[in-house]
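Enquirer: This is the structure, below, for whatever I ask next.
The values are calculated or read from the model by the stated rules, or taken from the named source; none is laboratory data. The shown structure was predicted, so the numbers you read here are calculated from the model rather than taken from an experiment. Here the Cβ positions follow ideal geometry from the backbone for every residue, glycine too, while neighbour counts run over all protein chains shown. When the accessible area is computed, the model is the full protein with side chains, heavy atoms only, and any ligands, DNA or RNA have been set aside. Shrake-Rupley method; radii C 1.70, N 1.55, O 1.52, S 1.80 Å.
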Amino acid sequence: MLERFKKNYRIRLGLAPTRRANFSETAFRLDRAQQHKMEIEKKLGDMGVEFVNIDFLNEEGLLYAGTDAEAVANYFKEQKIDALFVPHVNFGCEEAVCRLADLVGKPVLLWAPRDEAPQPDGYRFRDAQRGLFATNKVLSRFGVKFTYITNCGLEESTFEDGLRTFLSAAGVVKVMNRPRIGQISVRPGAFWSVKCNEGELLERFGIQIVPITLVEIQERFQKVLAAKGGEFDEMLAHIRSKINRIDVEEEYLEKMCAMKMTIWQWAEEEGLLAAATQCWAPFTAISDIAPCYMMGDSTDDGFPIICECDLHGAVTSIMALGANGGSEPPFFADLTVRHPDNDNSELLWHCGVFPPSLVGEKGVTLGCHQGKGYKCAGQFELKPGDLTIMRFDGMQGEYKLLMGEGKTTTGPYSRGSYVWAEFEDWKKWEHKFIYGPYIHHCTGLYGNYAAALYEACKYFGGKITPDPVTPDEDTINRILRG
């Protein structure tokens, strides 16, 4: 039950190693090509990458004929791959690779193992790098976007880092393939900053907004709360297991559980990846709770629920989960105040909506909303670590993805859920947000994903402009080169 949404973020890789059709004992040796194919598969297995190979195609499981491209593409579509990896185990077959990539229509990764030195008698057995230079030209003529790992050995960090960055980028691309985002009620009247163009999101990105009223949610909520049952008890125990201190009565904990299950049932019916909700007084009026902690707990389990009907925030959250494969939840934060003593630190805060699994050593307290006193808002500080901060947003038909990295730091206590974040140059960040198209909302993700997010934008055909802060564009390109 609790893993139902996280499966949306797993990446299945289609592995199509390629060789040249002709071979001999002195050039493009078949045994060497087969050996490299097996070494690559072992490496992917050791890294925990889920992949599908092409052993069905021929005895050696290698692509070397243009006429085989359609059969491989059909097989990969049946296997529902999310990305395509085409290592050149020797020169390769540029026709077959490019036709395959064009037919599959998924993010493409090119790489080849670094060639050995020529033999004492002057022969070379692979010339894989040479083949890459041929393939890239034809891919470009097909209009196929691709990612490239610098020619290197399989055991070099360049390979593993490059592959993980590609898989993260492919994860972002996957979740942006016609995602369905729920909208619960309307935005709070005061929040003009979260207005967005629903029609443009559909026309440009295929993002489908699925609305529901608070009246409908209330009717569903009351039925779930009245029925309870075994699944309810399981969910309640799961919610309780994450909380160190509970300062609300049991009935409110049960109402929070019922609301989470209500939204999940609706999300499953509609095939949603995330939701944005009205979260102010009207929500409390239908449920008798603040929705804050419930939203963070749901995000924790793979279904983000975002405050204040910020639909762009919901899109950012699924991009974050795509980047890390759903391995850890993102958190939805306000940029709030600068640190009193550290000019490069900012308070990332919200009124109790951070995912509880990200908590620091002091643990999670379930209490009341600091402003209104409504019950069931989280009170806790997040754990230390490296952070990626991101925001998908748009204005006047131009959409950008802001990305950058920092780290947590220490700072004064704050009510609600919070973490102090330190950056290389906060003034640079502040000016990025001020000049937009961004607002005070951002999404935080533990780890370093700026390069992957930047690379993902390549696959959106110019519809999303990457907007890096730190590391900057030059630094990110150095990272991508390995």
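Enquirer: What does the charge count around GLY447 come to, taking other residues whose C-beta lies under 10 Å from its C-beta (Lys +1, Arg +1, Asp -1, Glu -1)?
Expert: Charge balance near GLY447 sits at -3.
Enquirer: On alpha carbon coordinates alone, what is the Rg over Rh value for the chain, Rh being the Kirkwood radius?
Expert: A ratio of 1.03.
Enquirer: Right, here's the next one. Counting only C-alpha contacts under 8 Å and six or more residues apart, can you give the relative contact order of the chain as a whole percent?
Expert: Reported as a whole number, the value is 14 percent.
Enquirer: How would GLU70, GLU78 line up by accessible area, probe 1.4 Å, largest first?
Expert: Descending order: GLU78, GLU70.
Enquirer: Taking a cut-off of 23 Å between Cα atoms, list the lysines near LYS400, but don't count ones fewer than 8 places away on the same chain.
Expert: LYS106, LYS145, LYS174, LYS195, LYS427, LYS428, LYS432, LYS458, LYS463
Enquirer: Would you calculate the volume per residue, in Å³, of the smallest convex hull containing every Cα atom of the stretch 195-318?
Expert: Considering the Cα atoms of the stretch 195-318, their hull volume per residue is 108 Å³.
Enquirer: Here is a follow-up. Mind ordering 392-402, 196-206 by average Cβ neighbours within 10 Å, highest first?
Expert: My ranking of the peptides, most packed first, is 392-402, 196-206.
Enquirer: Please get the size of the charge dipole for the chain, origin at its Cα centre, with Cβ charges of +1 on Lys and Arg and -1 on Asp and Glu, quoted in debye to the nearest 20.
Expert: So the magnitude is around 640 debye.
Enquirer: Working from the alpha-carbon coordinates of the stretch 349-393, get Rg over Rh, Rh being the Kirkwood radius.
Expert: 1.04
Enquirer: Mind listing the Cα extents of the stretch 248-389 along all three principal axes, in Å, largest one first?
Expert: 43, 33, 25
Enquirer: Going out from 0 in 5 Å bins, what whole percent of all Cα-Cα distances in the stretch 323-430 drops into each bin?
Expert: 2, 11, 21, 22, 19, 14, 8, 3, 0
Enquirer: Further, regarding this structure: Just to compare against my own numbers: the Cα pair-distance distribution for the stretch 401-457, 10 Å bins, whole % per bin, please.
Expert: Cα pair-distance distribution for the stretch 401-457, in percent: 18, 49, 29, 3.
Enquirer: Filter the GluC sites (Glu not before Pro) in the stretch 209-284 to those in DSSP coil with at most 13 other Cβ atoms within 10 Å of their Cβ, and list the result.
Expert: Hits after loop and neighbour filter: GLU249.
Enquirer: What is the Rg over Rh value, at two decimals, for the stretch 64-135, using alpha-carbon atoms and the Kirkwood definition of Rh?
Expert: Using Cα coordinates only, the ratio equals 1.07.
Enquirer: Sticking with this structure for a sec: Where only protein heavy atoms count, and the probe is 1.4 Å, what is the accessible area per residue for the chain in Å²?
Expert: On a per-residue basis, 41 Å².
Enquirer: Kindly identify the stretch 106-172 as rounded, prolate or oblate by the Cα gyration tensor criterion: order the square roots of the eigenvalues as a ≥ b ≥ c, call it rounded if a/c is under 1.5, otherwise compare a/b with b/c, prolate if a/b is larger, else oblate.
Expert: It comes out oblate by the Cα gyration axes.
Enquirer: For the chain, what does the helix formula give at 222 nm: sum of -39500 (n - 2.57) over DSSP H segments with n ≥ 4, over the residue count, nearest 500 deg cm²/dmol?
Expert: One gets -12000 deg cm²/dmol as the mean residue ellipticity at 222 nm.
Enquirer: Another question about this same structure. To check you understand DSSP bridge types, tell me what percent of the beta bridges within the chain (both residues inside) are antiparallel, rounded to 5.
Expert: Counting only bridges with both partners in the chain, antiparallel ones make up about 50 percent.
Enquirer: At a 1.4 Å probe radius, carbon and sulfur cover how many percent of the accessible area of the chain?
Expert: Roughly 47 percent of what the probe reaches on the chain is carbon or sulfur.
Enquirer: What does the charge add up to near GLU250, with Lys and Arg as +1, Asp and Glu as -1, over the other residues with Cβ less than 15 Å from its Cβ?
Expert: Every neighbour counted, the sum reads -1.
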